[in-house]
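These notes are about the structure you will find just below.
The values are calculated or read from the model by the stated rules, or taken from the named source; none is laboratory data. Model, not experiment: these values are computed from the prediction. Note: ideal-geometry Cβ built from the backbone for every residue, glycine included; neighbour counts use all protein chains shown. When the accessible area is computed, the model is the full protein with side chains, heavy atoms only, and any ligands, DNA or RNA have been set aside. Shrake-Rupley method; radii C 1.70, N 1.55, O 1.52, S 1.80 Å.
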Amino acid sequence: EEERRNLKQLVGTALVRLSEMEGVDMKMYSETVLPKLLEVAVNCKDVIAQEYLMECVIQVFPDEYHLFTLETFLKSIQHLKSKVNVNSIIVSMMNR
């Protein structure tokens, strides 16, 4: 459990740093960053990790990026594990 907590902190911090990097504009986010992050989330076999990665993406990147890429993000949700709390992910996105 402690390893999982440490890994969450590491991943979360890395995503925050990525979102703050100079040069990560909406074009780079939509064409490179988001597709790769969604690929990692979808290919992850762990339900908790999938939920956490999707939540991180929602929280660390600007709202305007989400509006621009909303269709891509929502399409990726259908490929998550069946036990992932999709409602929670969608509510988090709507609250942004």
Complete set of residues in segment 84-96 that are surrounded by fewer than 13 Cβ atoms within 10 Å (Cβ to Cβ) and free of Cβ contacts under 8 Å to residues at least 12 places away in the same chain:
N87, V91, M94, N95
Of all residues in segment 86-96, which are at pLDDT 95 or above, within 23 Å of A14 (Cβ to Cβ) and over 12 Å from the mean Cα position of the chain (by Cα)?
S88
Mind checking which pairs have a first residue in segment 55-74 that is within 16 Å of V42 (Cα to Cα) and a second that is open to solvent by less than 30 Å² (accessible area, probe 1.4 Å) and of a type in the set (A, V, I, L, M, F, W, C), Cβ under 6 Å, 6 or more apart or different chains?
C56/L15; I58/M93
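Could you look through segment 39-83, keep only residues that are part of a loop (DSSP other than H, G, I, E, B), of a type outside the set (D, E) and open to solvent by 30 Å² or more (accessible area, probe 1.4 Å), and pick out the one that is modelled with the lowest pLDDT?
Result: K45.
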Qualifying positions in segment 84-96 - assigned to a helix (DSSP H, G or I) and touching a helix residue (DSSP H, G or I) at 6+ places or on another chain (Cβ under 8 Å)
V86, S88, I89, I90, S92, M93
